[in-house]
1. Tell me the residue from 138, 165 that is assigned to a loop (DSSP other than H, G, I, E, B), within 16 Å of the ligand (Cβ to nearest atom) and in contact with a helix residue (DSSP H, G or I) (Cβ under 6 Å, 6 or more places away or on another chain), please.
2. Of all the residues that make up the range 46-79, how many are closer than 30 Å to residue 124 by Cα and either away from the ligand (no atom under 16 Å from the Cβ) or of a type outside the set (Val, Ile, Thr) (or both)?
3. List the pairs whose first member sits in the range 87-102 and is free of Cβ contacts under 8 Å to residues at least 24 places away in the same chain, whose second member is in a loop (DSSP other than H, G, I, E, B), and whose Cβ atoms are under 9 Å apart, counting only residues at least 6 apart or on separate chains?
4. Checking residue 8 against (1) closer than 20 Å to residue 135 by Cβ; (2) more than 16 Å from the ligand (Cβ to nearest atom); (3) of a type in the set (D, E, K, R), which single condition isn't satisfied?
5. Quick check on my filter: what residues within the range 80-128 are over 18 Å from residue 23 (Cβ atoms) and either within 16 Å of the ligand (Cβ to nearest atom) or aromatic (Phe, Trp, Tyr) (or both)?
6. Working carefully through the options 126, 133, find the one that is in contact with a Lys or Arg (Cβ under 6 Å, 6 or more places away or on another chain) and either at pLDDT 95 or above or within 17 Å of residue 367 (Cβ to Cβ) (or both).
7. I want to confirm something. Restricting to the range 255-313 and keeping residues that are of a type in the set (Ser, Thr, Tyr) and under 21 Å from residue 172 (Cα atoms), which single residue is nearest to the chain's Cα centre (by Cα)?
8. For the range 158-210, which residues satisfy the criterion of being of a type in the set (Phe, Trp, Tyr) and more than 35 Å from the chain's Cα centre (by Cα)?
Amino acid sequence: MHTSDTLELSLELLRQPSITPVDHNCQNIMADRLAKIGFAIEPMRFEDVDNLWARRGTTEPVFCFAGHTDVVPTGNLEAWNTAPFVPEIRDGKLYGRGSADMKTALAAMIVATERFVAKHPDHKGSIAYLITSDEEGPAKNGTVKVIETLEQREEKIKWCLVGEPSSTHRLGDIVKNGRRGSLNAVLTVQGKQGHVAYPHLANNPIHQAAPALAELSSTIWDHGNEYFPATSFQISNIHAGTGATNIIPGTLDVTFNFRFSTEVTADELKLRVNEILERHGLTFSIDWNLSGLPFITPVGDLVHATQKAIQDVCHIETELSTSGGTSDGRFIAPTGAEVIELGVLNASIHQINEHVNVDDLEPLAEIYENILINLLAS
Ligand code: ZN
């Protein structure tokens with residue numbers, strides 16, 4: 001078993017039990033390394049969330065690495081083969097909570113930055129880090145607040161690399177250059193409770209809603225475009241009834257979500273849903289929650305620099321994709337920054353026995369370093 005700088009730092013970060021919003025000591029470990037190579041360190045704590053803004057250089061353009069030190073809860077500890085915060089290598093895989101999402105990417109970028117700065121101490125522009133401990137949780141006091149602070153002082157990010165695990169089958173095969181929007185709704189359909197033997201005295205909200213839900217689930221909302229797949233509608237929860245066999249329920253609750261492309265807006269989706277529910281004669285209320293707008297980074301400097309870096313290190317053509325869940329890129333893209341996501345394989349994220357291929361760690365550091373070279377080498 002050979003060791004490497006990226007592996008060493010990964011192990012140190014993985015030993016920190018940093019379940020959202022707790023950073024434990026991760027950001028200090030990173031900040032210490034960055035301070036040694038000339039970064040100005042600025043902790044930004046908002047309520048119970050630790051964030052780190054670090055910048056090397058004062059000029060533009062600003063290249064920023066964005067990521068998070070927090071991890072999702074471990075789940076059933078009994079189900080883990082080894083303790084989630086005692087990282088262990090077995091059969092070429094590094095196990096531990098946060099190994100894929102995304103502490104190894106944090107380690108790879110720190111190592112890449114150290115190597116780049118050693119070779120290019122007078123690089124162009126600035127290198128920055130935007131690190132939060134609240135990506136996996138409510139995401140109210142993390143990246144969004146740091147971005148607000150930067151916007152207030154007109155500090156602009158031109159290129160943003162998010163270290164989320166984007167790879168699917170092998171390192172670097174997929175890079176995310178945008179994300180779909182996400183719109184949640186909680187629908188309550190009003191009926192009238194009664195005895196199942198006397199339906200004429202009641203009004204069954206399940207029967208009322210069923211045809212409307214069928215129409216919602218079969219509607220084509222758009223056809224997508226060159227960057228986005230078609231908008232999708234999914235019901236995630238549905239509930240009515242008391243559990244008794246002889247009671248017609250009084251209300252029906254449905255939770256659903258849209259993952260939407262740039263071919264529709266959230267307001268259009270709301271209008272179309274309302275129109276369908278009204279046409280079916282339902283009495284209803286609906287609570288909407290827009291959790292992210294869609295964004296896209298067209299092919300340009302950052303995409304080219306990333307594609308070339310992956311080609312040079314992994315010898316594969318990478319594929320641009322907008323699939324997957326939301327990420328903190330949604331808060332950074334609206335400032336006008338080019339945003340892409342590139343990290344390790346995502347097959348085991350948020351799962352029991354989360355792991356990463358040890359052999360992917362040094363190549364990831366090399367890819368990250370090459371991106372810096374392609375954009376900022378002096
Ligand atoms: Zn993540």
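The values are calculated or read from the model by the stated rules, or taken from the named source; none is laboratory data. Bear in mind that the values here come from a model prediction, so they are computed numbers and not experimental data. Please note: Cβ atoms are built from the backbone with ideal geometry, for glycine as well, and neighbour counts cover all protein chains shown.
1. Values: 138 fails: in contact with a helix residue (DSSP H, G or I) (Cβ under 6 Å, 6 or more places away or on another chain).
The unique qualifying residue is 165.
2. Taking the range 46-79 and keeping what is closer than 30 Å to residue 124 by Cα, we get 50-69.
If we keep only those that are either away from the ligand (no atom under 16 Å from the Cβ) or of a type outside the set (Val, Ile, Thr) (or both) as well, we get 50-68.
Result for the range 46-79: 19.
3. 88/81; 88/82; 88/96; 90/81; 90/82
4. Of everything listed in (1) closer than 20 Å to residue 135 by Cβ; (2) more than 16 Å from the ligand (Cβ to nearest atom); (3) of a type in the set (D, E, K, R), residue 8 misses just condition (1).
5. Result: 80, 95, 100, 108, 116.
6. Working: 133 fails: in contact with a Lys or Arg (Cβ under 6 Å, 6 or more places away or on another chain).
Testing whether each residue is in contact with a Lys or Arg (Cβ under 6 Å, 6 or more places away or on another chain) and either at pLDDT 95 or above or within 17 Å of residue 367 (Cβ to Cβ) (or both) leaves just 126.
7. Taking the range 255-313 as the starting set, the residues that turn out to be of a type in the set (Ser, Thr, Tyr) are 255, 261-262, 265, 283, 285, 291, 297, 306.
After this cut, where a residue has to be under 21 Å from residue 172 (Cα atoms) as well, the list is 297, 306.
Details: 297: 16, 306: 19 Å.
So, considering only residues that are of a type in the set (Ser, Thr, Tyr) and under 21 Å from residue 172 (Cα atoms), the one nearest to the chain's Cα centre (by Cα) is 297.
8. Residues of the range 158-210 of a type in the set (Phe, Trp, Tyr): 159, 198.
Hit for the range 158-210 is 198, nothing else.
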